[in-house]
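Peer 1: Dumping the structure here so I can ask a few things about it.
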Amino acid sequence: MKILVVNAGSSSLKYQLFDMDTNAVLAKGLCERIGIDGRYKYTAAGKDEIKGDYTMKTHADAIKLLTMNLTDKDHGVISSMSEIDAVGHRVLTAGDIYSDSVYVTDEVKQVIKDCIPIGPLHNPANLMGIEACAEVIKGVPQVAVFDTGFHGTMPKKAFMYAIPYRYYEEYKVRKYGFHGTSHRYVSGKALEMLGNPDAKVITCHLGNGSSIAAVKGGKCVDTTMGLTPLEGLPMGTRSGNLDPAVLSFIAEHEGKSTTEIVNMLNKESGVLGISGVSSDFRDVETAADEGNERAQLALDMFVYSVKKFIGSYAAAMGGVDAIVFTAGIGENNCKMREDILDGLEFLGIDLDKEKNLKTRTQADVSKPESKTKVLVIPTNEELVIAMDTMEIVKNLK
Ligand code: ADP
């Protein structure tokens, strides 16, 4: 079975084609600047990357280009699009209507549309991706996999905000959480590595956007991101948690609207805002090494925040069997893993520092006697989407 995984953004569209017999990626690509001019990258497995310009007025044009690349006589990997059994879409959220992945129907599309207020940037783009596939790859079954889905098992005491209850009833204001496919994938792998399906695991997805989840026996019980991805840890450009009164304080001082301030909190804050250097942790680390104090402060704030959430989630679950690190920083920034865990020995963590500093692939980097394991697990959100899509499509037949 061949499954195409699509992640449509407002002006971009990423894709991977999977052969589900082997879980291998046959080809992948990125279409950018849709609606502006149009640029693309495409790589067939084992071959060199192809880059170019191609006018893409709409997402349907991007799907047409993807079709041309995948079926090209020189660098294509299939002879016709009819070889594709289904398309799996990364969709930001279906609110609290769907947690599990679903076969896309008109009703599902309506729910995605109804949830635009919760995902104003992503849900419209995700819908455009679905419509574009329906238009260009006619008749192919489509599945939606929700980024909030895995967090659907959080208890009410974890997902409610302590504001007047009517805001939940009228507008569904609550914590939803994001990066769900990543937390689901790495927590599942962690349970396999631990050989314990009931284990209590804290998964740290640390990338440009970062979030942490508390996962008990494979079910998410809490997570750091909220109604939007702004809540929780300080990130590349997002502030993470702060006193909500900061908004009105700045609004009054600078005569700004709440929309402008929330924009600032999403795009100009976090590690970028504190350091004034960059949103990329590598640049910030270089600056800190050269003596830039604000760059060092930004890194210290990030590490401190991750540490505090690990402690609070261990308390929430009544213990922890493993801490999992994933995504750009979690997988590659070995020293930062060490800094985060420094001082958490009281949780039973005994890190093998030497092994940790060399590890960028899947491995247990704690000492054999460590009561709480430390696992590095590269995430694979696309594979989760492909596997869910395959399961749903198989059951249709
Ligand atoms: P996104 O959330 O956009 O998917 P990533 O998961 O790719 O982001 O994470 C991006 C972050 O990961 C950047 O801050 C970058 O510094 C860090 N990162 C990525 N690769 C490496 C690496 N090889 N070494 C150290 N840090 C890395």
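Peer 1: Counting other beta carbons within 10 Å of each residue's own, what order do MET225, MET20, MET56 fall into, fewest first?
Peer 2: MET20, MET56, MET225
Peer 1: Return the loop-located chymotrypsin sites (Phe, Trp or Tyr not before Pro) in the range 143-227 (DSSP other than H, G, I, E, B) with at most 12 other Cβ atoms within 10 Å of their own Cβ; answer none if there are none.
Peer 2: Sparse-neighbourhood loop chymotrypsin sites (Phe, Trp or Tyr not before Pro): TYR165.
Peer 1: Semi-axes of the equivalent ellipsoid of the range 130-182: what are they in whole Å, largest first, if each equals the square root of 5 times a C-alpha gyration tensor eigenvalue?
Peer 2: Computed over the range 130-182, the values are 33, 14, 7 Å.
Peer 1: Please label the shape of the range 257-340 as rounded, prolate or oblate, based on the square roots a ≥ b ≥ c of the eigenvalues of the alpha-carbon gyration tensor (a/c under 1.5 means rounded; beyond that, a/b larger than b/c means prolate, else oblate).
Peer 2: Because a/c hits 1.5 or more and a/b fails to exceed b/c, the range 257-340 counts as oblate.
Peer 1: Expressed in nm², what is the orientationally averaged projection area of the convex hull enclosing the Cα positions of the chain?
Peer 2: Projected area, direction-averaged: 21.4 nm².
Peer 1: How big is the gap, in Å, between the Cα center of the range 15-39 and the Cα center of the range 234-271?
Peer 2: That distance is 35 Å.
Peer 1: With Rg and the Kirkwood Rh both taken from Cα atoms, where does Rg over Rh land for the range 310-384?
Peer 2: Using Cα coordinates only, the ratio equals 0.97.
Peer 1: Rg to Rh ratio, the range 83-130, alpha-carbon atoms and Kirkwood radius?
Peer 2: That ratio equals 0.96.
Peer 1: For VAL5, VAL111, VAL186, what's the fewest-to-most ordering of other Cβ within 10 Å of each Cβ?
Peer 2: Ordered by Cβ neighbours within 10 Å, fewest first: VAL111, VAL5, VAL186.
Peer 1: Which of the three applies to the range 1-52, rounded, prolate or oblate, going by the alpha-carbon gyration tensor with a ≥ b ≥ c and a/c under 1.5 meaning rounded?
Peer 2: Judged from the Cα gyration tensor, the range 1-52 comes out oblate (a/c at least 1.5, b/c at or above a/b).
Peer 1: Using Stokes-Einstein with the Kirkwood hydrodynamic radius over Cα pairs, what translational diffusion coefficient do you get for the range 180-225 at 25 °C and a viscosity of 0.890 mPa s, in µm²/s rounded to a whole number?
Peer 2: 235 µm²/s
Peer 1: Please give the helix 381-396 orientation as an angle from the longest Cα principal axis of the chain, in degrees from 0 to 90, rounded to the nearest 10.
Peer 2: So the inclination is approximately 50 degrees.
Peer 1: What is the fewest-to-most order of ASP72, ASP48 by other Cβ atoms lying within 10 Å of their Cβ?
Peer 2: ASP48, ASP72
Peer 1: Could you give the angle, 0 to 90 degrees to the nearest 10, between helix 122-136's Cα long axis and the longest principal axis of the Cα atoms of the chain?
Peer 2: The angle comes out near 20 degrees.
Peer 1: Describe numerically, in nm with one decimal, the distance between label points set 7 Å from Cα along Cα→Cβ at ASP289 and at LYS73.
Peer 2: 5.1 nm
Bear in mind these aren't lab numbers, they're just calculated from the coordinates by the rules spelled out. Here the structure is a predicted model, which is why all the values come from computation and not from measurement. Here the Cβ is made from the backbone with ideal geometry for all residues, glycine too, and neighbour counts use every protein chain on show.
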